[in-house]
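The values are calculated or read from the model by the stated rules, or taken from the named source; none is laboratory data. Keep in mind that this is a model prediction, so the values were computed, not measured. Methodologically, a virtual Cβ is constructed for each residue, glycine included, from the backbone with ideal geometry; neighbour enumeration extends over all protein chains shown. With ligands, DNA and RNA removed, areas are computed over all heavy atoms of the protein, side chains included. Shrake-Rupley method; radii C 1.70, N 1.55, O 1.52, S 1.80 Å.
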Amino acid sequence: MKLNKQINFICATAIASAFATLVSTPGWAQEVAQTSAPVATPTAPATPAAADTSKITDQIQTVIVTANKRHEDASKVPLSISVIGGDELAAQHIDDFASVTRSIPNISFSGGGGGGNAGNGPGLSNIQMRGISSSGGMSTVGVYLDDVSMSAGNVYSMGTAEPKFFDIDHIEVLRGPQGTLYGASSMGGTIKFIANQPNLKQNETNIDFDVSSTEGATGVNHTETGVFNEVLIANELALRIGVEQAHKSGYIDQVSPDGTSIIAKGINSENDQVARIAMKWSPTRNLSITPQVYFQQVTTGDIDVSYLALADGTTLPENETPKLVREPGKDVIIVPSLTLNYGTDYGDVTAVSSYFKRVFNRTQDGTSVNSGYLGTLVSPSYPALADIVSGLPSAVFLNNEITQFSQEIRMASKPYDPTVSPFTWVGGVYTSTMNTNIIDNEPVYGINAAFAQFGGSPNNPAYFSPAYANAFPNDNSYFAHRYFNDKQNSIFGEANYYIIPSLHFTAGLRYLHATDSFMRIADDYFALSTQQPVGPIVNPETTSSANKLTPKFAITWEVDPNNTLYASAAQGFRVGGANFLLPEPYCGLASNPLSYNPDTLWSYEIGNKSRFLNNTLSVNADLFYIDWKNLQQSITDTTCGYAYNTNVGSATSAGGEIEIKYKPTKHIVLDFAGGVDHAVLADNDAASEVTGAVKGATIPGVPKFNAALTSTYNFEVNDDVIGFVRSAAHWTGPSNGALDPTNPDYQRPAYANVDLSTGFSYQLYDFSLYVRNIANSQKIIQRPEVQYTEGEVYRMTPRTIGITFSARL
C-alpha cells in the first residue's frame, strides 16, 4: 500500500512539474516547430532529428577514450579501463561516487580522513583502487574534470572532491598507476570526468526532471536540469550553458538523548546547485579555444551516519541519532579553465590553464572526543561536575580551503601511419601550485559556567588537572590553523614504437620535482602542554623536496582486428610531507616523526581486449600484481586522538578484473563487470606503531571482490516509440575498515542490492520509472566513528522510487 502511494505521488508530481515548466517556457511551441523544420542553408546549424528505432543495433559500439591524452579506441589501449557514458549514468540512475564504485571493478570508498574521521556523505569519502588505500599523505587516486586535476591530500577533515555527474559525456576509470601522464597521486589509478563540449554544428536544448521518494524520508527528492547549446557562428563559435538544482530529502532523524522524542526529522538532507558555461571558438580548421567555468555547491544538513544505541545502551531504530550537535556542511567547487588545441603537420598541441578551488565548511559533533575526555580530568572531589562536563555539547568547526593553479602544455603526434613513421608519441610539461588551509575551532559550550557553578575554574588545578591559565577562552577548547603548500614541476613523455603494424612497444617517463611546506599555529587547552603552558604555539614552517623519475613500459599485440593482448609495468609515486609535534601530556609521546617520506609502487599487468561472434560479444580481462613500498599512513595516538603521517612498511596487492558485454539479439544487452583483490601488508614493520599491522593483515577499505550484472531489454513499440526494461544487481565483498581487530569498523560485511527501471522514448522525449535498492537493504556496511564517537553506522540509502522525464529539443 505504501509503495502504491509513493508511486502515485511521484508520478503526479513529475507530470505536473514537467507540464508547468514546459508551458511556462517562452516560445516553447515555436521552438519545437523550429527544430522540426528542415535546414534552410548549408551554413545554418543543424537541429536534432527525431528518435529513430534504427538506433537499436545488433553490435557493440566502439568507445573512444582520452586515457593516453589522445583520442583512441579503448579496445586498443594497453590499460585496464572502464567507461560509463553519460547516457548510461542517467539510464542506471547513478548519481554519486558510492554508486559508481559498486558498478566498476576494484574501486571502493571509505569514510574520509584517518579511520573514517570525516564521516560518510557527499565530499567525505576517500576513493581506493586496486587495493591502494591510504588514510594519510596525498590521495592515491587522481580525480580529473577534463584535464583539470582535483586531487588533494588525505586529511581528517574532508574527503575526495566529487564533481556531480552533470552534462557528462562519459567517465573513464583508469586502473593502475598513471604516473607517467598524470603525475603523483595516481598510484592506484585515475578517474576522469569528460564533459560534453560546445557543439559547433547543432543547437541543443536538453531538459531533465527527476522526482523520487525515499523510504522514511521527510519529503520528495527532485532534480531539474537544463543544458542549452547555441551555435553563434556555424562551424566556428558555440556557447554551451548548463544549470542544475537538486534536493534530496533526509531519512535520518535526530532524537533526544533519552530517545523518547524526535527533535528533527530528515536531518541529512542535501541541496545541490551546479552550473557550467563553456564556449568553443574555432577560427580556423586547426585551432580551437575553449574557455569554461564549472561551479558546484553542495549543502548538507548532516552526514549520512546514524547511531546504533543511546548512551545507556538502549537500541535505537534504524536511521536515528541522539547526537547533541548536528553536522552540516557546505562544499563549494569552482573550476575555471582555458584549453587551446592547435593542429600542425607534426602533431597536435594542447595547452590547458586551470584553477581549482574548493571551500568546504562543516561541523562535526565533538561531544565524545572533547567533552567526554575533559570530564575525566575533573577532580574526583567533584563527581557531579565531572558528569556535567562530560555531557556538555561540543562542536568541531572545520573550514577547509584548497586552491590550485596548474598549467600543462603537451604535443601528441598524429595517429600511427606505417607509411610515415614507426613512432607515435606524446610529451609535455606540467606545473602546479596547491595551497591547503584548514582552520579548526572546537568550543565546549558552557564549560566555564559549569565550573563557576561549583565555585571553581578549569584554570584551578584543585578542580581540573592539568590546568592552564585561560585554557578555555570563550569556551573554546582548541584552535588550529594548518597550512600546506605543494609545488610540482614535471616533464613527461611517452612513445610507441611499431615493430610491425600489429605489434608495438610503449615506453614512458616522467621527471617530477616537488616542494612541500607545512606550518601550524595552535592555541587553547588541547594545544598546550607542560613544555608550553601558554599559547599560541607556532610550529615553524618545515619544507621538504623530492625528485622522482616515474617510468612505464608496455607491449601491445593486435592479434587480429578483434583481439588485443598487452602487458605492462608501471611505477606509481606520492610525495612526502611534514607533521607537527604532538602536544604532551595528552598524547604521552616523547616525540613523533616531524616528516614522512615519499612512497612508491610497481604495478605489473597482463590483459586482453577481445570481440567475438560478429562483434556481439566483448571480453576485457586482466591480472595484476602490485608491490608497494614505504606506505604513507595516518597514525592516530589512542591516548589523545591526535594523528600524524608516517611510513609503515610494505604491502602487496594482487587480483584481476573482467568486463563482458553480450548482445545475443539486437534487443538484449547483458553487462557483467567483476573484480577480485587480495591486498595485504607484506611485513611487520608497522606493528610497533599500529595495532594489527602485521604481515598478512588486509589493507583497510579494500573489498575482496565486487561485481555488477546489468541486463537490458530494448523493444520497438512502433516507428516512433522505443521501450526498455533494465535490471542491475551489485555485489560488494567483505573488507576490513581498520587494522586493529578491536576497532568497530574492523569487519565490514559483504552486501548486495538490486535496481530496476523501465521506460520509453517517444521522438524527442524520454520517460522512465525506477526503483533503487529494491529490497530496502539497511545492512550496516561501514562504522566510521566520526570524531571517535562509538556506535555510529553507515547504511545504504533506503529504497527510492522515482520517475524521470527528458526532452531533447
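Structure above, values below:
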| quantity | calculated |
| --- | --- |
| Full-stretch length increase - Ser381, His481 - with 0.36 nm per residue and alpha-carbon distance subtracted | 32.4 nm |
| Label zone at Leu232, where the point sits 7 Å out along the Cα-to-Cβ direction: the stretch 183-206 residues whose backbone N lies under 19 Å | 196-205 |
| Separation in nanometres of the label points that stand 7 Å from Cα toward Cβ, at Gln245 and Thr652 | 5.6 nm |
| Cα-centred dipole magnitude for the chain, charges only on beta-carbon of K, R (+1) and D, E (-1), debye, nearest 20 | 940 debye |
| Label-point gap, in nm, between Tyr346 and Val63 - each point 7 angstrom along Cα→Cβ | 3.5 nm |
| Relative contact order [Cα under 8 Å, 6+ residues apart], the chain, whole percent | 12 percent |
| Packing-based ranking, highest mean first, of 660-666, 573-579 given that Cβ atoms within 10 Å are counted | 573-579, 660-666 |
| Cα-based shape type of the stretch 302-401, given that a ≥ b ≥ c are square roots of the gyration tensor eigenvalues and the cut on a/c is 1.5 | prolate |
| Per-pair calculated FRET efficiency, R0 = 30 Å: Tyr625 and Leu709 via Cβ, rounded to 0.05 | 0.65 |
| Ordering of 367-373, 186-192 by packing [mean C-beta count within 10 Å, highest first] | 186-192, 367-373 |
| Hits among aspartates and glutamates - C-alpha to C-alpha of Lys629 under 16 Å, sequence gap 8 or more where chains match | Asp599, Asp683, Asp685 |
| Solvent-accessible area, 1.4 Å probe, carbon plus sulfur percent, for the stretch 372-483 | 61 percent |
| Cα gyration tensor, the stretch 167-211 - rounded (a/c under 1.5), prolate or oblate | oblate |
| Residues listed by number, the stretch 500-529, amide nitrogen under 19 Å from Ala569 label point at 7 Å toward C-beta | 504-511 |
| Among Met279, Gln59, Tyr751 - extreme Cα towards positive end, dipole of the chain, charges at beta-carbon | Gln59 |
| Relative packing of 679-691, 645-657, which averages over residues the other C-beta atoms within 10 Å, highest first | 645-657, 679-691 |
| Where trypsin sites (Lys or Arg not before Pro) fall in DSSP loop in the stretch 224-286, at most 16 other Cβ within 10 Å | Arg285 |
| Space enclosed by the convex hull of the alpha-carbon atoms of the chain, per residue, Å³ | 162 Å³ |
| Accessible solvent surface per residue of the stretch 332-430, calculated while the other protein chains remain in place, 1.4 angstrom probe, Å² | 42 Å² |
| Principal semi-axes in Å for the stretch 273-338 [√(5λ), Cα gyration tensor, largest first] | 49, 10, 7 |
| Value of Rg to Rh for the stretch 491-583 (Rh from inverse mean 1/r over Cα pairs, i.e. Kirkwood) | 1.38 |
| Within the accessible area of the stretch 169-309 (1.4 Å probe), percent carbon and sulfur | 55 percent |
| Estimated 222 nm signal from helices in the chain, with DSSP H stretches of n ≥ 4 weighted -39500 (n - 2.57), rounded to 500 | -2500 deg cm²/dmol |
| Kyte-Doolittle mean at least 0.5 and Cα axial length at least 24 Å: DSSP H helices in the chain | 2-24 |
| For the stretch 602-678, accessible area per residue (1.4 Å probe, heavy atoms of protein chains only), Å² | 41 Å² |
| Separation of alpha-carbon centers, the stretch 426-461 and the stretch 518-552, rounded to whole Å | 14 Å |
| Modelled FRET efficiency - R0 22 Å, Val293 with Gln407, Cβ distances, 0.05 increments | 0.80 |
| Reachable lysines from Lys248, criterion Cα separation under 23 angstrom, eight or more residues apart if same chain | Lys2, Lys5, Lys164, Lys265, Lys323, Lys330, Lys779 |
| Euclidean distance between Cα centres, the stretch 353-401 to the stretch 223-261, Å | 32 Å |
| Per residue value of the accessible surface for the stretch 476-538 (all protein chains in place, 1.4 Å probe), Å² | 41 Å² |
